[in-house]
Amino acid sequence: MKLDEQETVVVWGRTDEVVRIYSTVPAHIRKIAGNQFTTVVKNDGESIEAVVPKEHFNPMRGFKPKKREMTPEQREAATRRLREARERKAEA
């Protein structure tokens, strides 16, 4: 498909629970098809139609990243590292 014929359309209805996406851009097709929250309605290799729950898509930035799941120990270690980094920065 020619470059000037490729498009991606995102339909965000205010009362809908999902975002509808249609694309003929190969890079977008791969990203849409590979997203864990996407339900593919149609994918013929040259275009894709999919729906995504609104809570997993930002109309200005695209797909929202998956939230990191941490154990309480991992959370405490991350808190300690951040606190130490802030203290080092304040001393400098």
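Here are the numbers:
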quantity	calculated
Relative contact order [Cα under 8 Å, 6+ residues apart], the chain, whole percent	20
Helix axis angle, 72-91 relative to the chain longest principal axis, alpha carbon, degrees	70
Low-density loop cleavage sites - trypsin sites (Lys or Arg not before Pro) in the range 1-90, where at most 16 other Cβ are within 10 Å (DSSP)	Lys2, Arg14, Arg61, Lys66, Lys67, Arg68
Set of lysines with alpha-carbon distance to Lys31 below 19 Å, sequence-local pairs under 8 removed	Lys42, Lys54, Lys64, Lys66, Lys67
Extreme residue, positive dipole direction of the chain, given options Pro72, Gly34, Thr24 (C-beta unit charges)	Pro72
Counting all C-alpha pairs of the chain, share separated by more than 21 Å (%)	50
Net dipole in debye of the range 3-67 [+1 Lys, Arg Cβ; -1 Asp, Glu Cβ; about Cα centre; nearest 20]	520
Distance in nm between pseudo-label sites at Ala92 and Arg61 (7 Å out along the Cβ direction from Cα)	2.5
When the range 37-91 is reduced to its Cα atoms, the Kirkwood hydrodynamic radius in Å	15.0
GluC sites (Glu not before Pro) restricted to the chain and DSSP loop, no more than 12 other C-beta within 10 Å	Glu7, Glu17, Glu46, Glu69
Helix-only [θ]222 nm of the chain, DSSP H runs n ≥ 4, -39500 (n - 2.57) each, per residue, nearest 500	-10000 deg cm²/dmol
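Values quoted throughout were computed directly from the atomic coordinates according to the rules given, and no laboratory measurement underlies them. No experiment lies behind these values; they were computed from the predicted model shown. No Cβ is skipped: glycine too gets one built from the backbone with ideal geometry, and neighbour counts run over all protein chains shown.
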